[in-house]
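Since the structure comes first, as structure tokens, the remarks are kept for the end.
The values are calculated or read from the model by the stated rules, or taken from the named source; none is laboratory data. All of these numbers come straight from a predicted model, not from anything done at the bench. Here Cβ is always computed from backbone atoms with ideal geometry, including for glycine, and neighbour counts include all displayed protein chains.
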Amino acid sequence: MTAKLGSLVVLLLLLSSGASAQIVRPMGETPGELGPAAPDRTEPQPPTAAQGPRSRFSLLSAGRGGPLFAFSQIVDGLVVGAAIGASITSSPSSPLALSLGAYLGALAGGVGLGGLGVLLQYFQPIGLVAAGAATLGLGVGALSGLGVALLLEGFVSGLPAVLPGVLALAGSQIGALVPLALLWTAEDLDPSELAMMAAASLWLTAAVGLVNLSIGRPLVAPALLIAPAVGMAAGGLVAALTRVSSGEVFRYTALPLGVGAATFFIGGLLGGSPQIAAIASLSMIALTVLTTGLVSFATTAPAPAEVTLLPTISVLPAGRASEGVAVGPAALVRF
């Protein structure tokens with residue numbers, strides 16, 4: 001009898017040791033009767049030197065976003081170059097005529113910046129989303145350059161007429177090249193990060209304009225022109241620290257700002273003052289953000305809890321005076 005009991009104990013110990021590594025997860029994630037086995041996730045590995053250099057996108061571009069980057073540089077060169085050239089030469093007599101300086105400046109800017117953009121995207125791979133970030137930075141950088149020029153004109157008199165164009169050129173190139181420098185060794189930018197930068201730029205611009213109107217003061221042009229660049233930088237910092245999906249960014253940007261814009265427009269049609277319309281718009285934006293957050297929190301399903309089941313052997317005291325032991329199979333459940 002003792003030998004049989006010993007053999008049974010040894011057999012149970014062997015079975016428990018073989019089954020102790022099995023983990024039971026929520027329905028649909030475990031093999032066997034609970035559902036199909038979930039495929040193992042494999043993280044993408046960066047290319048190594050043994051795998052060879054990264055393949056080119058085409059004969060004329062090293063990355064998918066190269067053409068977009070080159071086109072944005074051409075447009076920037078045409079616009080900023082024309083502004084610089086027009087500020088150097090005298091204005092034409094006809095309001096529709098284009099001065100020779102503006103024409104030559106647009107030609108030089110388009111060829112110069114466009115050529116640099118084409119060369120850069122030919123040798124350096126630029127992702128499509130990264131090119132979008134560079135284009136956004138180019139636009140907000142040019143606006144911030146004009147804002148800095150207007151700010152300086154308020155403190156210093158007698159500034160050269162070419163200064164706004166030069167600062168716009170410098171700001172546009174800083175805004176376009178900083179994202180590329182930060183992503184120099186990366187494959188591309190995540191679309192949610194670009195959405196965060198664009199949304200933050202739009203949010204700060206709208207906030208500065210509405211707050212400026214709500215306090216009953218005329219619009220401060222330098223603040224409105226510099227706000228998009230500051231918002232883009234803040235959005236890029238937030239995107240680097242956390243990950244927010246593009247849907248969440250769109251939900252918390254398009255809906256509140258759309259409601260705010262409609263409220264401001266209706267307030268203007270009703271004949272109210274811009275101050276009252278701006279206050280009403282800010283109130284509706286805050287209410288929409290709060291309502292969207294509450295709805296998102298109420299409709300978000302909680303993540304399923306992980307359950308671990310470990311088969312084991314249980315040894316318990318037995319008998320009236322606990323003079324014996326009871327040995328049998330058991331299970332350890334961990335939530």
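Would you point out which residue out of 140, 166 is under 17 Å from residue 234 (Cβ atoms) and not in a loop (DSSP other than H, G, I, E, B)? Steps first, answer last, please.
Values: 166 fails: under 17 Å from residue 234 (Cβ atoms).
Being under 17 Å from residue 234 (Cβ atoms) and not in a loop (DSSP other than H, G, I, E, B) holds for just one of 140, 166, which is 140.
Residues of the stretch 110-159 that are in contact with a helix residue (DSSP H, G or I) (Cβ under 8 Å, 6 or more places away or on another chain), without any contact (Cβ under 8 Å) to a residue 40 or more places away in the chain and closer than 19 Å to residue 86 by Cα: 110, 111, 112, 145, 149, 159. Taking the condition assigned to a helix (DSSP H, G or I) and at pLDDT below 85, does residue 297 pass? So residue 297 passes the test. May I ask you to verify whether residue 192 is part of a helix (DSSP H, G or I) and in contact (Cβ under 8 Å) with a residue 24 or more places away in the chain? Considered against the rule, which asks whether it is part of a helix (DSSP H, G or I) and in contact (Cβ under 8 Å) with a residue 24 or more places away in the chain, residue 192 comes out as yes. None of 262, 240, 229 is at pLDDT 90 or above, in a helix (DSSP H, G or I), aliphatic (A, V, I, L, M) and loosely packed, with under 13 Cβ neighbours inside 10 Å except 262. Residue 133 meets the stated requirement of being buried (at least 18 other Cβ atoms within 10 Å of the Cβ), closer than 30 Å to residue 186 by Cα and in the same structural domain as residue 64 (by TED's automatic domain parsing). The C-beta contact set for the stretch 254-267 (first residue more than 13 Å from residue 203 (Cβ to Cβ) and in the same structural domain as residue 211 (by TED's automatic domain parsing), second residue surrounded by 15 or more Cβ atoms within 10 Å (Cβ to Cβ) and of a type outside the set (A, V, I, L, M, F, W, C), distance under 6 angstrom, 6+ apart or interchain) comprises 259/288; 263/281; 264/281.
For residue 216, the requirement of being at pLDDT below 90, exposed (fewer than 13 other Cβ atoms within 10 Å of the Cβ) and touching a helix residue (DSSP H, G or I) at 6+ places or on another chain (Cβ under 6 Å) is met.
For residue 178, are the conditions met, namely being assigned to a helix (DSSP H, G or I), out of contact with any Asp or Glu (no Cβ under 8 Å at 6 or more places or on another chain) and farther than 23 Å from residue 240 by Cα? Reasoning before the result, please.
On the way: assigned to a helix (DSSP H, G or I): yes; out of contact with any Asp or Glu (no Cβ under 8 Å at 6 or more places or on another chain): yes; farther than 23 Å from residue 240 by Cα: no.
Considered against the rule, which asks whether it is assigned to a helix (DSSP H, G or I), out of contact with any Asp or Glu (no Cβ under 8 Å at 6 or more places or on another chain) and farther than 23 Å from residue 240 by Cα, residue 178 comes out as no.
From 102, 108, which residue is in contact with a Gly (Cβ under 8 Å, 6 or more places away or on another chain), within 30 Å of residue 223 (Cα to Cα) and assigned to a helix (DSSP H, G or I)? Show your work before the answer.
Numbers: 108 fails: within 30 Å of residue 223 (Cα to Cα).
So the residue among 102, 108 that is in contact with a Gly (Cβ under 8 Å, 6 or more places away or on another chain), within 30 Å of residue 223 (Cα to Cα) and assigned to a helix (DSSP H, G or I) is 102.
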